[in-house]
């Protein structure tokens, strides 16, 4: 008749929900914020020339993060790249 009441050990530690960070600041936030800030300041027809060597991750991952940020804010931005630079510019709506 002995019911098994063995407690299975948890795999992860717990913490108070109120202490959980609520914002998502991804690792690309700094570069994406800098690019968007510069895009706010350039004239129409001007592309930003971001050196790939300054990116902390691959241009594809930064481009994806930039795409997510611009879609979320309703901006229309285009990108291109070559072996040395990521080019980013505002597109007309």
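Where a number appears in this text, it was derived from the coordinates with a stated rule and is not lab data. Computed from a prediction, not measured in an experiment: that's the story for all the values here. Positions of Cβ are backbone-derived with ideal geometry, glycine not excepted, and every protein chain shown enters the neighbour counts.
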When only alpha-carbon atoms count, how far does the chain stretch along each of its three principal axes, as whole angstroms with the largest first?
79, 28, 21
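Please rank 39, 55, fewest neighbouring Cβ atoms within 10 Å first, as an exposure proxy. All intermediate terms of the calculation are to be shown ahead of the outcome.
Details: 39 18, 55 15.
Listed from fewest to most nearby Cβ atoms, that is 55, 39.
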As a check on your grasp of the helix formula, calculate [θ] at 222 nm for the chain: sum -39500 (n - 2.57) over DSSP H runs of n ≥ 4, divide by the residue count, round to the nearest 500.
-9000 deg cm²/dmol
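Would you mind calculating the gained length between residue 71 and residue 40 on full extension (0.36 nm times residue separation, minus the Cα-Cα distance), in nm to one decimal?
Working: separation 31, 0.36 × 31 = 11.16 nm, distance 1.54 nm.
Residue separation times 0.36 nm, minus the Cα-Cα distance, leaves 9.6 nm.
Of 79, 56, how do they rank once you tally other Cβ atoms within 10 Å and put the fewest first? Walk me through the numbers on the way to the answer.
Details: 79 18, 56 10.
Fewest-to-most Cβ neighbours within 10 Å comes out as 56, 79.
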